[in-house]
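K.L.:
Handing you this structure, nothing more for now.
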Amino acid sequence: MLFNSIEYLLFLPVVFFLYWLVFNRSLRQQNLLLLVASYFFYGWWSYSFLGLLALSTLLDFIYGFQVASPNRKKARIFLWLSIVNNLGILGTFKYYNFFAGQFKAVLGVLGLQADPIVLNVALPVGISFYTFHGMSYVFDIYKGKQKPVSDPVEYAVFVAFFPLLVAGPIERAHHLLPQVRSRRIFDYRQAAQGGRLILWGMFKKVVVADSLAKTVDTMFSHYQHFNAFALIVGAISFSFQIYGDFSGYSDIAIGSAKLLGFELLSNFKFPYFSRDIAEFWRRWHISLTSWFRDYLYIPLGGSRQGNARAVRNTMIIFLVSGFWHGASWTFLAWGLVHALAFLPLLLWSRNRQNVDNMVAQERRLPTLSEMWKMASTFAFVTIAWIFFRADKISDALGYIGHMGKSIAASPGQFLTLPAGKSSLAYILPLVLGDWWLRKDERNLTIVSQPLIRRFVFWVAIIAIATKYNANRSFIYFQF
Amino acid sequence: MKKFLRQTTSILGPVVLLMAGGIFLPSTPHAGKSLLFGSLAKDSLLRYVDSPRIILVGGSNLSFGIDSRMIRDSLRLNPINTGITASLGLKFMLDNTLGYVKKGDIIVLVPEYPLLTEDYNYGSEELLRTILEVNPGKWQLLNMAQALRLLPFLPKYALSKYVPTEYLRSREDPVYGIHSFNSYGDTYTHWNLPRRLVRAEKKTDSGINDAAIDGIVRFRDSVERRKAIFLISYCCLQDISYHRMEPLIKKIEKVYLDKGFHVLGSPERYMMPDSLTFNTPYHLNKSGADYRTALLINDVRRWMLAMGPGRSLLAYRE
């Protein structure tokens, strides 16, 4: 079920009413309802993969007890079993065909012929997210941060909680499980925040991202027909399309969870206002970045064992992060490009310059220096997105190369308006809205006067309804 | 909880009322001149054109890719081109046509490829508009799944009634207007217009929509029960797009053969040079329409001959 579908529009209020008005007397009943609703939500897309979700949940639930064993050898064995099991599921469905294809290509180069078996199955939606949930639970128990859960329903809700089941945020056991296990009380303020977040998320997805998608699709599939100015507009449009799409999804997820009394982890904190690439990665897809940091980068030694080890670990984390997005060389290239931009900051110890403060924290507008830093970071991120969006590396290089050729051939093109210029009309409200909200990301109070606030809501709802496109899925569903 | 529900209702309520009003307002002057209203004339053709008839069923690849007069002159059949837009969905096209099929009719189904592979079978916004403002009586042709598929387009449709340009700038589109069709149902107003930029389809290899294929099988059975003839053919498609979509097109070709349909021509045959397209990979200019129509005429003739020596089309129909 998509968040921007009519089904979800009916599903969420039904769950909300049952949750607060029918099953509100017992925590167990509420959890059971959440579990049934979550499996229904997932099964609406494909019931045939419900078994895989249930199996993955059951295995990690069992491993959790074993990993908690005081016998560390036994615990380690089961930790590895969990890793093999989760990565096995992920590898089979997401990466097998890629590696089979590469294997065939390598043999072909060597003059050998092979016809490896290709799996003709769809990639189960959310597989990259729920397997990471399971692994985080087992890791946390192994590290002693979390005790194994004795109630399978509670654990199953943690893995399958519908707002985050298919595209995150990737939750941590020690953050979400205590909420699943404690009684929830309806809180007007939390629910109102949830409602506003859902509305803002829908606006970002339906009005901004989906509108930009048309320009982006055209530019990326026919880049040879456009000049550099138009291609720059296309690349910038994709930067905001993917941001509107994924942060919109996260807002709807977090908002939906709030309506049910849950607080999920943040996933985006205005990444395009970052002043360097390190800050960008602290603000973009936070739940994934921090997952890799905690469960991969730090166990590998992080940056505390010399420069060589830090460079190696940084490369690993960025390449794995790229590959997590999909079995394609383009995602690896995207990860590599980011790693190469991040490494100088790390080596010169400048990667933690902007850790806890937001740009123009105490001011309305940024300084010129801040603007330059934001613009250059955004320009770099936008160029890297070209690799992420292109179907093949050659297409990405072709896109960038064509921009260069076009500028050389016709420098005067920047004096006329480019194709796709209307995209900018969708980007502006998103940038302004984010700038307004940057100090108070989830509250979304906008303005204090109720009438003006209501008017803003009406405009947003009408814009969403007018732009609504039932066919547009979320980009991150494929990952 | 009460406060939350009250606040939510007070915000959503006015918008819902606005939308409800929009649904019941009459069509705007701008919408009233759209090609969708051409379906009334096409239904009239289906109802009143005399036998022997050849009825072409599909989307805009037909309206923008056929000169029916050539069919009439060559085959001595009365052509009816029902093509408007693929967005009406294959199911609606078939259900609507079925209501008018007479004994002896030749029905040639020419669906665009996305109708057989993507989620177009149940139609989209254009079908909703057709049902709500062009021909409300047709709502009976919708099933529940189709109605649910159309529901998400309702807000946009309703709110379009409040857009000032719908009333102020109501000039008819010269190509996509109610008067763009000739007396056979072909779009002809673009025949004298210069060619526009045609952007090729993206590379795709999606799966076949089984519901769409099952619908065609049921349609064929119903047509044949009425002693009419069902034939199927391939839509015209710009060569660049064809090559990008080839794996998918081959799957469709295999399905046609597996299902035992009487197939006219082959997909390659209807692959069109880019120079013959008009404004999309499926729309042809006048030269393209002439060329494509000639191909179709030849394929129908071949099929007639294949019925057996000395067996005329009329004999087959008998």
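The values are calculated or read from the model by the stated rules, or taken from the named source; none is laboratory data. This structure is a prediction, so every number in the text was calculated from the model and none was measured. Note that each Cβ is placed from the backbone with ideal geometry, even for glycine, and that neighbours are counted across all protein chains shown. With ligands, DNA and RNA removed, areas are computed over all heavy atoms of the protein, side chains included. Shrake-Rupley method; radii C 1.70, N 1.55, O 1.52, S 1.80 Å.
K.L.:
Any chance the range B:76-89 includes a residue that's without any contact (Cβ under 8 Å) to a residue 60 or more places away in the chain, surrounded by 20 or more Cβ atoms within 10 Å (Cβ to Cβ), assigned to a helix (DSSP H, G or I) and away from every other protein chain (no Cβ under 14 Å)?
P.N.:
Yes, there is a match, as at least one residue in the range B:76-89 is without any contact (Cβ under 8 Å) to a residue 60 or more places away in the chain, surrounded by 20 or more Cβ atoms within 10 Å (Cβ to Cβ), assigned to a helix (DSSP H, G or I) and away from every other protein chain (no Cβ under 14 Å).
K.L.:
Among the residues of the range B:234-249, which ones are open to solvent by less than 20 Å² (accessible area, probe 1.4 Å) and away from every other protein chain (no Cβ under 14 Å)?
P.N.:
Of all residues in the range B:234-249, those open to solvent by less than 20 Å² (accessible area, probe 1.4 Å) come to B:234-238, B:241-242, B:245, B:248-249.
Within the range B:234-249, B:Tyr234, B:Cys235, B:Cys236, B:Leu237, B:Tyr242, B:Leu248, B:Ile249 qualify.
K.L.:
Before we move on, is B:Val134 among the β-branched types (Val, Ile, Thr), within 14 Å of chain A (Cβ to nearest Cβ) and under 30 Å from A:Ile462 (Cα atoms)?
P.N.:
No; evaluated as a whole, the condition is false for this residue.
K.L.:
Continuing with this model, one more query. Given B:Pro114, B:Pro152, which one is without any contact (Cβ under 8 Å) to a residue 12 or more places away in the chain, within 14 Å of chain A (Cβ to nearest Cβ), closer than 30 Å to B:Leu237 by Cβ and outside any loop (DSSP other than H, G, I, E, B)?
P.N.:
Criteria check complete, one pass: B:Pro152.
K.L.:
Hey, can you tell me all the residues within the range B:1-60 that are open to solvent by 40 Å² or more (accessible area, probe 1.4 Å), at pLDDT 95 or above and outside any loop (DSSP other than H, G, I, E, B)?
P.N.:
Across the range B:1-60, the qualifying residues are B:Leu40, B:Ala41, B:Ser44, B:Arg47, B:Tyr48.
K.L.:
For the range A:378-429, give me each residue that is open to solvent by 50 Å² or more (accessible area, probe 1.4 Å) and among the acidic types (Asp, Glu).
P.N.:
Once the filter is applied, which keeps residues that are open to solvent by 50 Å² or more (accessible area, probe 1.4 Å) and among the acidic types (Asp, Glu), the range A:378-429 yields only A:Asp391.
K.L.:
Has the range A:336-355 got at least one residue that is under 18 Å from the mean Cα position of the chain (by Cα) and either surrounded by fewer than 20 Cβ atoms within 10 Å (Cβ to Cβ) or within 29 Å of A:Leu437 (Cβ to Cβ) (or both)?
P.N.:
Yes, the range A:336-355 contains a residue that is under 18 Å from the mean Cα position of the chain (by Cα) and either surrounded by fewer than 20 Cβ atoms within 10 Å (Cβ to Cβ) or within 29 Å of A:Leu437 (Cβ to Cβ) (or both).
K.L.:
If you take the residues of the range B:155-175 that are of a type in the set (Phe, Trp, Tyr) and surrounded by fewer than 19 Cβ atoms within 10 Å (Cβ to Cβ), which of them is nearest to the other protein chains (Cβ to nearest Cβ)?
P.N.:
Here is the first cut: in the range B:155-175, the ones of a type in the set (Phe, Trp, Tyr) are B:157, B:162, B:167.
So of that shortlist, the ones also surrounded by fewer than 19 Cβ atoms within 10 Å (Cβ to Cβ) come out as B:162, B:167.
Details: B:Tyr162: 9, B:Tyr167: 16 Å.
For the range B:155-175, the residue satisfying everything is B:Tyr162.
K.L.:
In the range A:312-335, which residues are more than 28 Å from A:Pro124 (Cα to Cα) and open to solvent by 60 Å² or more (accessible area, probe 1.4 Å)?
P.N.:
A:Arg312
K.L.:
A further question on this structure: Is there a residue being without any contact (Cβ under 8 Å) to a residue 12 or more places away in the chain, out of contact with any strand residue (DSSP E or B) (no Cβ under 9 Å at 6 or more places or on another chain) and of a type in the set (S, T, N, Q) anywhere in the range A:323-340?
P.N.:
No: zero hits.
K.L.:
A further question follows. Quick one: which of B:Ala212, B:Ala145 is modelled with pLDDT of 85 or more, exposed (fewer than 14 other Cβ atoms within 10 Å of the Cβ) and more than 9 Å from every other protein chain (Cβ to nearest Cβ)? It would help to see each step written out before you state the result.
P.N.:
Values: B:Ala212 fails: exposed (fewer than 14 other Cβ atoms within 10 Å of the Cβ).
Only one candidate qualifies: B:Ala145.
K.L.:
For the range B:216-233, give me the residue count where each residue is in a loop (DSSP other than H, G, I, E, B) and open to solvent by 40 Å² or more (accessible area, probe 1.4 Å). Even if it seems obvious, please write down each step before you answer.
P.N.:
To start, the set of residues in the range B:216-233 that are in a loop (DSSP other than H, G, I, E, B) comprises B:226-228.
So of that shortlist, the ones also open to solvent by 40 Å² or more (accessible area, probe 1.4 Å) come out as B:226-227.
Looking only at that region, the number is 2.
K.L.:
Being without any contact (Cβ under 8 Å) to a residue 12 or more places away in the chain and not β-branched (Val, Ile, Thr) is the filter here; which residues of the range A:367-403 pass it?
P.N.:
Within the range A:367-403, A:Leu368, A:Ser369, A:Met371, A:Trp372, A:Ala375, A:Ser376, A:Ala379, A:Ser394, A:Leu397, A:Gly401 meet the criteria.
K.L.:
A:Ser250 passes all but one of (1) under 27 Å from A:Arg352 (Cβ atoms); (2) surrounded by fewer than 23 Cβ atoms within 10 Å (Cβ to Cβ); which number fails?
P.N.:
(2)
K.L.:
Only residues that are in contact with an Asp or Glu (Cβ under 8 Å, 6 or more places away or on another chain) and either under 16 Å from B:Ser233 (Cα atoms) or of a type in the set (Val, Ile, Thr) (or both): list them for the range B:85-111, please.
P.N.:
Answer for the range B:85-111, where residues must be in contact with an Asp or Glu (Cβ under 8 Å, 6 or more places away or on another chain) and either under 16 Å from B:Ser233 (Cα atoms) or of a type in the set (Val, Ile, Thr) (or both): B:Thr85, B:Ala86.
K.L.:
Is one or more of the residues making up the range B:119-135 modelled with pLDDT under 85 and closer than 23 Å to B:Ser39 by Cβ?
P.N.:
Within the range B:119-135, the first condition is being modelled with pLDDT under 85, and the residues that meet it are B:119-120.
Narrowing the set further to residues that are closer than 23 Å to B:Ser39 by Cβ leaves B:119-120.
Checked the range B:119-135: at least one residue is modelled with pLDDT under 85 and closer than 23 Å to B:Ser39 by Cβ.
K.L.:
So B:Thr204 ticks every box in (1) open to solvent by 70 Å² or more (accessible area, probe 1.4 Å); (2) within 14 Å of chain A (Cβ to nearest Cβ) but one. Which box is left unticked?
P.N.:
Among (1) open to solvent by 70 Å² or more (accessible area, probe 1.4 Å); (2) within 14 Å of chain A (Cβ to nearest Cβ), the lone unmet condition for B:Thr204 is (1).
K.L.:
Turning to a different aspect of this structure: State which residue pairs qualify: first residue at the interface with chain A (Cβ under 8 Å from one of its Cβ atoms) and inside the range B:7-25, second residue surrounded by fewer than 13 Cβ atoms within 10 Å (Cβ to Cβ) in any location, beta carbons under 9 Å apart, and separation of 6 or more residues or different chains.
P.N.:
Hits for this filter: B:Gln7/A:Tyr188.
K.L.:
Follow-up. Between residues in the range B:119-146 that are farther than 22 Å from B:Asp214 by Cβ and residues that are open to solvent by 60 Å² or more (accessible area, probe 1.4 Å) and not aliphatic (A, V, I, L, M), which pairs lie under 6 Å by C-beta distance while being six or more apart or on different chains?
P.N.:
Cβ pairs passing all conditions: B:Ile131/B:Trp139.
K.L.:
Of all residues being open to solvent by less than 10 Å² (accessible area, probe 1.4 Å) and over 17 Å from the mean Cα position of the chain (by Cα) in the range A:157-180, which is nearest to A:Leu32 (Cα to Cα)? Just the residue, please.
P.N.:
Restricting to residues being open to solvent by less than 10 Å² (accessible area, probe 1.4 Å) and over 17 Å from the mean Cα position of the chain (by Cα), the top hit is A:Val157.
K.L.:
Additional query: Step by step: first the residues of the range A:3-17, then only those that are more than 16 Å from A:Lys258 (Cβ to Cβ) and open to solvent by less than 40 Å² (accessible area, probe 1.4 Å), then the one that is nearest to the other protein chains (Cβ to nearest Cβ). Which residue is that?
P.N.:
Once the filter is applied, the top-ranked residue is A:Ile6.
Yes/no per residue for (1) part of a loop (DSSP other than H, G, I, E, B); (2) aliphatic (A, V, I, L, M); (3) under 26 Å from A:Leu265 (Cα atoms):
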residue	(1), (2), (3)
A:Gln305	yes, no, no
A:Thr330	no, no, no
A:Leu340	no, yes, no
A:Arg350	yes, no, no
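K.L.:
Does B:Ile252 meet the test of being among the β-branched types (Val, Ile, Thr), surrounded by 14 or more Cβ atoms within 10 Å (Cβ to Cβ) and touching a Leu at 6+ places or on another chain (Cβ under 8 Å)?
P.N.:
Yes.
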